[in-house]
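First up is the structure itself, then whatever we jot down about it.
The values are calculated or read from the model by the stated rules, or taken from the named source; none is laboratory data. All of these numbers come straight from a predicted model, not from anything done at the bench. Note that we place each Cβ from the backbone using ideal geometry, even for glycine, and neighbour counts take in every protein chain shown. Calculation scope for accessible area: heavy atoms of the full protein, side chains included, ligands and nucleic acids excluded. Shrake-Rupley method; radii C 1.70, N 1.55, O 1.52, S 1.80 Å.
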Amino acid sequence: MVALLATLGVMAQRGQDFASRFMQQCKGDTAVHCVTVSPKMMEQLTRQPGAGRNEHIAQAIEKLKSARIITASVHGEGYYQMAESLLKKNAQRFRHDRSYRSDQAYGVFYSRKGRGGETVELIMLHADTKARSVVIINLTGDIDQEFINCLTRHMGGRTARL
């Protein structure tokens, strides 16, 4: 029975997304908040008037399993470093994809590939140096390269809007 529980515990750790792992490190820290947005909710947001419907983004959203958004409005750089350290610690699982930097913000993209080489998890770290805040977005599902490119352009080109 003990061996079975230990095996289940190890399997649960492997099945966790990055947001879950990061929030475990921040357990009890009231400055860090995590919100999970369901694919249904994301789809509804893209259908709002004035949302600027992009068909490719809408199709990509339909393929997502989850979107988790972690925020901290204080000590952003510290939380950013903690998140990137956790990603680097798990380098066999997460791969650094791209970075960006502007006058008031910087960020990085990491991804996790499935057995077939497809991207199944995308992590975006974004630090706002003026506001001293951090936003971590963790997407899971069937994430194609065009969707990643669109997010990269959007994040890197308009960091102040995040």
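Quick check: anything in region 147-156 of a type in the set (Lys, Arg) and part of a loop (DSSP other than H, G, I, E, B)? Steps first, please.
Step one: of region 147-156, the residues of a type in the set (Lys, Arg) are 153.
Still in the running and part of a loop (DSSP other than H, G, I, E, B): none.
For region 147-156, residues of a type in the set (Lys, Arg) and part of a loop (DSSP other than H, G, I, E, B): absent.
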Note to self: Against the condition over 22 Å from Met23 (Cα atoms) and of a type outside the set (S, T, N, Q), how does Arg132 come out, does it pass?
What the structure shows: no
Check: What number of residues within region 113-138 satisfy the criterion of being open to solvent by 10 Å² or more (accessible area, probe 1.4 Å) and either touching a helix residue (DSSP H, G or I) at 6+ places or on another chain (Cβ under 6 Å) or closer than 15 Å to Arg68 by Cα (or both)?
Finding: 5
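Just for region 142-162: of the residues that are crowded, with 20+ Cβ neighbours inside 10 Å and under 15 Å from the mean Cα position of the chain (by Cα), which one is modelled with the highest pLDDT?
Taking region 142-162 and keeping what is crowded, with 20+ Cβ neighbours inside 10 Å, we get 143, 147, 155, 159.
Remaining after also requiring under 15 Å from the mean Cα position of the chain (by Cα): 143, 147, 155.
Numbers: Ile143: 86, Phe147: 77, Met155: 63.
Ranking the qualifying residues of region 142-162, first place goes to Ile143.
Pull up region 71-99, narrow it to residues that are assigned to a loop (DSSP other than H, G, I, E, B) and of a type outside the set (Val, Ile, Thr), then point me to the one that is farthest from Ile148 (Cα to Cα).
So the first thing to find is which residues in region 71-99 are assigned to a loop (DSSP other than H, G, I, E, B), and the list is 73-75, 90-94.
With the extra rule that they be of a type outside the set (Val, Ile, Thr), the set shrinks to 73, 75, 90-94.
Values: Ser73: 26, His75: 28, Asn90: 21, Ala91: 19, Gln92: 20, Arg93: 18, Phe94: 15 Å.
My answer is His75.
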Next item on the list: Output the number of the condition that Gly28 fails; it satisfies all remaining conditions of (1) exposed (fewer than 14 other Cβ atoms within 10 Å of the Cβ); (2) within 22 Å of Phe109 (Cβ to Cβ); (3) at pLDDT 85 or above.
Entry: (2)
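Yes/no matrix, rows are residues, columns are (1) modelled with pLDDT under 85; (2) within 18 Å of the chain's Cα centre (by Cα); (3) loosely packed, with under 14 Cβ neighbours inside 10 Å:
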{"residue": "Met23", "(1), (2), (3)": "no, yes, no"}
{"residue": "Met41", "(1), (2), (3)": "yes, yes, yes"}
{"residue": "Gly50", "(1), (2), (3)": "yes, no, yes"}
{"residue": "Glu55", "(1), (2), (3)": "yes, no, yes"}
{"residue": "Ile61", "(1), (2), (3)": "yes, yes, no"}
{"residue": "Ser66", "(1), (2), (3)": "no, yes, no"}
{"residue": "Ser73", "(1), (2), (3)": "no, yes, no"}
{"residue": "Tyr80", "(1), (2), (3)": "no, yes, no"}
Notebook entry, point to check: How many residues are open to solvent by 80 Å² or more (accessible area, probe 1.4 Å) and in a strand (DSSP E or B) if we restrict to region 100-112?
Noted result: 1
